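Read the structure below first, then the notes.
The values are calculated or read from the model by the stated rules, or taken from the named source; none is laboratory data. Predicted model, so just to flag it, every value in this text is computed and none were measured. Using ideal geometry, Cβ is built from the backbone for each residue, glycine included, and neighbour counts are taken over all protein chains shown.
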Amino acid sequence: MKNLKVYISIAILASSFNMSGQQVSLLACIDSALANKANIQAVKTDFEIARLETSAAWQRFLPDLSINYNYRYNPLIPAQIIPVGQFNPVPTDEKRPIKFGTNWQQTAGVSIYQPIIDFTINSRVEESRINEKIKNSDVEEAERDLITEVLKSYTTIWLYKERLHSAALDTLRTFQTRELITARDDEGKALKTEINRAIMNHNNALSDYHGALASLAGEKIYMGYLTGISLDLLFDGIFDFTPFSESIMERNISELLIDSAPSVRNLMFREELLRQQQKSEKAVRMPTVGIDGYLGANQYSDSFSPALAESWYGSSFIGLSVRLNILSGTVSSNRLKQLKLKSQGIRAELEDEISYVSTNNSKLALEVKNIDYQVAMASENISLYEENIKLEQERYNEGQKNSYDLLAEEIELRKQIAAYNEKQAQLAFKKIELLINSGNIYSFIEMLK
């Protein structure tokens, strides 16, 4: 029996006060998860594509340079009616049809167009920038979801460590009670039912201890999946639970940062994109101005002679090009109305989402405060029950109390501990929910650095 008592004491020390091994911090777990999860890399790829699209939109302001060449045969040479009589010394009204061109013609040259003013390009660039924001928001949302999962897992490990420590103490306490009743039995002063109840209490405590140990191991395995950290480090390392202290958590979860709320940011960017698309539709009606130029030569011959000498004639021009779209096949006004209606719908949805996030934040803050109070009361009750059990054990040992009162106190204490563990878990996860809803997750991470 003494060996069992020593074993339990060692288990308590090993599970609660292990001071060897490499530290496993919450920040290290978050950084490792962000660097190793494939879904984060996939979303980042979409963001990089959006950046390239923005760069491509800007490149539309670069000169448009092209080389043109064609060699064609003209089976019918077009003719023009020329007033040849006007060229006589005495002008007449004589007119003759005269063909211009030859049967064979080559054209080679270089064309260049440099846009100077093009509102459609500017608008498309802005659209690409907003789309880049949306893709970046998707990256942030994916990262935020992963960070939340790591934070929940790290919190669960903390809760299981606390539960394991509590279960170990409970196991030691029930063992002491069993020893007391067994000693009374040796003196012939205890009933068999008393001994059986003491053994059952101790067995239940041992079962809870092994259950907490298995739950802790399972959660560490899940943390390894999330972060890519080796299981050896997770099982042998020391977890730093200081981020869950009141001074750090309370400082980062109360203030609402509405613009940082994921759902609000997404709607804001969507509404901004629709407004910019309306500008793009209007820009189609705006004039475009650019420099247009050409440098080349034409060859004319009556037979197929690609290399015929002295048959090439130069051609070139450069000038200002102004274009104003008056009418096109696309009904721009209809498209514009659609975009306005969509924008109005998104704006209404955004206002409703802001109201919901704000209301939910107040509700979560109130729930955190309420559960926090319940946890404090449960903790105080446990301390009182533990004190009572010590007194009951002393009185029982002195023959002043029967075992049933002592065993009943132990059963009630275990119920209080289970309720406390449940409330502590509720409080921890409710704080995480408030941290996410208020948009303070990144400020919380900054506090860890």
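Results for (1) over 16 Å from the mean Cα position of the chain (by Cα); (2) closer than 19 Å to Val357 by Cα; (3) touching a residue at least 40 places away in the same chain (Cβ under 8 Å), shown as yes or no for each residue.
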{"residue": "Asp405", "(1), (2), (3)": "yes, no, no"}
{"residue": "Ile411", "(1), (2), (3)": "yes, no, yes"}
{"residue": "Gln416", "(1), (2), (3)": "yes, no, no"}
{"residue": "Asn421", "(1), (2), (3)": "yes, no, yes"}
{"residue": "Phe429", "(1), (2), (3)": "yes, yes, yes"}
{"residue": "Asn437", "(1), (2), (3)": "no, yes, yes"}
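Is one or more of the residues making up the stretch 398-410 modelled with pLDDT of 80 or more and part of a helix (DSSP H, G or I)? Among the residues of the stretch 398-410, not one is modelled with pLDDT of 80 or more and part of a helix (DSSP H, G or I), which makes the answer no. Being part of a strand (DSSP E or B) and more than 30 Å from Thr242 (Cα to Cα) holds for only one residue in Ile67, Ile134, Ile130, and it is Ile67. Residues that are in contact with a helix residue (DSSP H, G or I) (Cβ under 8 Å, 6 or more places away or on another chain) and either of a type outside the set (Asp, Glu) or on the phi > 0 side of the Ramachandran plot (or both) do occur in the stretch 60-78. For the criterion of being within 26 Å of the chain's Cα centre (by Cα), among the β-branched types (Val, Ile, Thr) and in a helix (DSSP H, G or I), Ile346 passes. For the stretch 15-27, the count of residues that are at pLDDT 85 or above and assigned to a helix (DSSP H, G or I) is at least one. Scanning the stretch 161-218 for residues that are surrounded by fewer than 16 Cβ atoms within 10 Å (Cβ to Cβ) and not in a helix (DSSP H, G or I) gives Glu187, Gly188, Lys189, Leu191.
Among the residues of the stretch 121-135, are any touching a strand residue (DSSP E or B) at 6+ places or on another chain (Cβ under 8 Å) and of a type outside the set (Asp, Glu)? There is at least one residue in the stretch 121-135 that is touching a strand residue (DSSP E or B) at 6+ places or on another chain (Cβ under 8 Å) and of a type outside the set (Asp, Glu). Here the stretch 311-355 is the region considered, the condition is being under 30 Å from Asn103 (Cβ atoms) and of a type in the set (A, V, I, L, M, F, W, C), and the residue that is modelled with the highest pLDDT is Phe317.
Filter the stretch 51-99 down to residues that are among the aliphatic types (A, V, I, L, M) and surrounded by 11 or more Cβ atoms within 10 Å (Cβ to Cβ) and give me whichever is farthest from Asp292 (Cα to Cα). Of everything passing the filter in the stretch 51-99, Val84 is farthest from Asp292 (Cα to Cα). For the list (1) in a helix (DSSP H, G or I); (2) exposed (fewer than 14 other Cβ atoms within 10 Å of the Cβ), I need the number of the one condition that Leu274 fails. It fails just one condition, (2).
Could you tell me which of the residues Ser343, Ser355, Ser438 is among the polar types (S, T, N, Q) and surrounded by fewer than 16 Cβ atoms within 10 Å (Cβ to Cβ)? Talk me through it step by step, then tell me what you get.
Values: Ser343 fails: surrounded by fewer than 16 Cβ atoms within 10 Å (Cβ to Cβ); Ser438 fails: surrounded by fewer than 16 Cβ atoms within 10 Å (Cβ to Cβ).
Of Ser343, Ser355, Ser438, the one residue that is among the polar types (S, T, N, Q) and surrounded by fewer than 16 Cβ atoms within 10 Å (Cβ to Cβ) is Ser355.
Hey, Ile112 hits all of (1) among the aliphatic types (A, V, I, L, M); (2) over 30 Å from Glu271 (Cβ atoms); (3) part of a helix (DSSP H, G or I) but one; which does it fall short on? Ile112 satisfies all of (1) among the aliphatic types (A, V, I, L, M); (2) over 30 Å from Glu271 (Cβ atoms); (3) part of a helix (DSSP H, G or I) except (3).
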